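The structure under discussion appears below in the form of structure tokens.
Each value in this text was obtained by applying a stated rule to the coordinates, not by laboratory testing. A quick note: this is a predicted structure, and the numbers were derived from the prediction, not measured. A quick note on method: Cβ atoms are made from the backbone with ideal geometry, for glycine too, and the neighbour counts reach across all protein chains shown.
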Amino acid sequence: MRYGHNHLYVPGPTNIPHSVLSAMHVPMEDHRASDLHELTKPLFADLNKVFKTTKGQSFIFPATGTAGWEVALSNTLSPGDKVLSSRFGQFSHLWIDMAERLGLDVEFFNVPWGEGAPVSEIKKRLSQDKDHEIKAVMIVHNETATGVTSDIAGVRKAMDAAKHPALLLVDGVSSIASIDFRMDEWEVDMAITGSQKGFMLPAGLAIVCASQKALEARKTAKLPRCFLDLNDHIKTNPQGFFPYTPSLPMLRGLRHALDLLFEEGLENVFARHHRLAEGVRQAVTKGWGLELCARAPKWYSDTVTAIMVPEGFNGADVIDIAYRKYNTALGAGLTEVAGKLFRIGHLGDLNEVSCCAALAAAEMAMLDVGIKIKAGSGVAAAMEYYRKNAPSADKKGTAGQARALKSGIKKPAEGRATA
Ligand SMILES: *Cc1c(COP(=O)(O)O)cnc(C)c1O
């Protein structure tokens with residue numbers, strides 16, 4: 001028996017605002033309609049704003065983030081090409097695995113899980129590569145498995161210092177639209193994301209942005225590609241069409257999700273994610289006295305926090321009790337850190353109270369498995385932080401009210417009881 005709603009705090013799929021769900025709830029449309037471009041062309045332009053690029057070109061595939069990895073690799077590289085990466089969590093591991101399976105020669109730094117891309121080692125390795133055998137550097141911006149954010153600006157600086165012409169391919173699946181990402185400024189050549197994290201949509205879209213340099217590399221890249229070939233999109237997207245049937249409800253949802261992001265303002269979205277994350281970190285370290293998987297503040301992720309469970313306990317038990325007893329979904333530890341941690345995803349459509357609820361569920365579940373924390377200590381630490389730092393809505397009302405008004409839900413008349 002389940003009562004109330006399920007509280008979703010996995011780092012993707014994330015919570016979908018009601019107005020986004022409503023925007024997707026439309027009868028099927030003709031994907032070759034002569035006015036389809038009115039919906040699709042602005043999507044490409046607005047995605048560029050999210051990637052912070054004026055020079056790049058955005059693409060939308062009916063797929064997931066994993067396909068975005070393959071778009072980036074197969075459209076820019078040839079069999080046997082050497083690429084440089086770093087492995088520091090399940091997602092960086094899987095992307096490396098894909099590159100190997102596609103026939104690339106992957107050299108990678110094995111970094112302890114809890115740290116991010118080793119900028120100075122990358123710089124050293126690229127400096128040694130005088131013949132420029134390394135064709136691309138692959139980095140996961142936000143390692144969702146460990147709650148670690150890497151310094152992409154630093155990686156760009158390292159590449160420039162080594163005067164290395166390799167392409168910079170960045171997985172931003174759990175960062176883009178939640179954490180600041182600067183395609184042009186960091187000279188990222190392929191930026192990859194998906195619909196079910198910061199974009200607050202179901203899984204189903206791989207969203208990729210390519211730089212002019214990447215589009216140029218495509219002309220000589222020989223890895224086999226068909227469904228994921230950018231060329232077919234380059235031919236059809238300018239007219240507002242796709243080489244195959246797009247998922248129009250997803251595109252309608254994306255339209256509304258982008259409107260919400262711009263209405264809040266991207267910089268405010270980033271600030272909110274930072275604030276929510278900081279409250280969760282205060283709960284973990286100051287309230288519970290537990291450790292984060294991220295080993296130093298410079299690695300702290302503003303979209304997901306991975307919490308180490310004390311020796312002798314299994315993180316999977318905490319997650320299981322949270323789910324079965326408290327109807328709350330927390331993120332699991334994956335492969336190398338399975339059982340050693342649990343994760344709270346705090347990205348997408350969330351606010352301070354949502355995070356307090358996540359912390360309360362985690363506290364109850366931890367107490368139930370016997371972890372020695374003080375009941376209420378994490379929630380109290382987060383509350384203190386949020387009370388000091390949350391901005392109050394202006395007189396026009398809260399974002400939630402504005403959203404309800406926009407989606408046609410009437411605001412109760414002034415002064416009337418609304419029980
Ligand atoms: C979720 C995620 C992916 C995988 O995306 P799918 O949509 O599940 O294919 C890749 N990289 C990172 C960092 C992620 O968080």
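Side notes on the structure shown:
- Subtracting the Cα-Cα distance of residue 54 and residue 377 from their residue separation scaled by 0.36 nm leaves 111.7 nm.
- Per-residue 3J(HN,Hα) values for region 87-102, derived from phi via the Karplus relation 6.51 cos²θ - 1.76 cosθ + 1.60 with θ = phi - 60°, read 10, 9, x, 5, 6, 5, 4, 5, 5, 4, 4, 4, 4, 5, 5, 7 Hz in sequence order (x marks Gly and Pro).
- Bridge type composition, region 98-244 - antiparallel percent by DSSP, nearest 5: 45 percent
- Within a straight-line Cα-Cα reach of under 25 Å, residue 372 can be paired with the following lysines, leaving aside sequence neighbours fewer than 8 residues apart in one chain: 286, 325, 340.
- Simple Cβ-charge dipole of the chain, Lys/Arg +1 and Asp/Glu -1, about Cα centre, in debye nearest 20: 740 debye
- For region 168-202 versus region 258-312, the gap between their alpha-carbon centres in whole angstrom: 18 Å
- Neighbour-limited loop hits for trypsin sites (Lys or Arg not before Pro), region 79-172 (at most 15 other Cβ within 10 Å; DSSP other than H, G, I, E, B): 130, 163
- With each label modelled as a point 7 angstrom along the Cα→C-beta vector, the residue 263-residue 367 pair spans 3.8 nm.
- Close amide H pairs (under 5 Å, H built 1.01 Å from N) link residue 328 with 7, 323, residues at least 5 positions away or on another chain.
- Considering only 71, 256, 88, and ranking their Cα positions along the charge dipole of region 18-263 that arises from unit charges at the beta-carbon of Lys, Arg, Asp and Glu, the one farthest toward the positive end is 71.
- In sequence order, region 212-219 has phi-based couplings of 4, 5, 5, 5, 6, 4, 4, 5 Hz under the Karplus curve 6.51 cos²θ - 1.76 cosθ + 1.60, θ = phi - 60°, and Gly or Pro positions carry x.
- Applying both filters, DSSP loop and at most 14 other Cβ atoms within 10 Å, to the chymotrypsin sites (Phe, Trp or Tyr not before Pro) of region 316-350 eliminates every site.
- Top positive-direction residue, dipole computed over the chain with Cβ charges, set 279, 292, 237: 279
- Taking the charge dipole of region 73-164 about its Cα centre, with +1 at Lys and Arg Cβ atoms and -1 at Asp and Glu Cβ atoms, the residue from 102, 144, 119 reaching farthest to the positive side is 119.
- Hypothetical label at residue 226: residues of region 235-251 whose amide nitrogen lies under 16 Å (7 Å Cα-Cβ projection): 243-245
- Student exercise, region 265-391 dipole from Lys, Arg, Asp, Glu Cβ charges, in Debye to nearest 20: 240 debye
- Between residue 145 and 90, 91, the built amide H atoms are under 5 Å apart, and every one of these is 5 or more places off in sequence or on another chain.
- Each Lys or Arg adds one and each Asp or Glu takes one away; over the other residues whose Cβ falls under 13 Å from the Cβ of residue 314, this sums to -3.
- Compared with the alpha-carbon gap, the fully stretched path from residue 286 to residue 101 is longer by 62.2 nm at 0.36 nm per residue.
- Relative to one another, the C-alpha centroids of region 54-122 and region 321-362 are positioned 27 Å apart.
- Gain in span if fully extended, residue 393 to residue 236, counting 0.36 nm per residue against the direct Cα distance: 52.2 nm
- Region 153-286, dipole about Cα centre (Lys/Arg Cβ +1, Asp/Glu Cβ -1), debye to the nearest 20: 320 debye
- For residue 82, nonlocal amide neighbours, meaning residues 5 or more places apart or on other chains whose placed amide H falls under 5 Å from its own, are 105, 135.
- Couplings for region 252-262, taken from phi via the Karplus curve 6.51 cos²θ - 1.76 cosθ + 1.60 with θ = phi - 60°, read 5, x, 4, 4, 6, 4, 5, 4, 5, 4, 6 Hz in order; Gly and Pro are left as x.
- All lysines inside 21 Å of residue 82 as judged from Cα atoms, apart from same-chain residues fewer than 8 positions distant: 123, 124, 130, 135, 157, 163, 213, 219, 222
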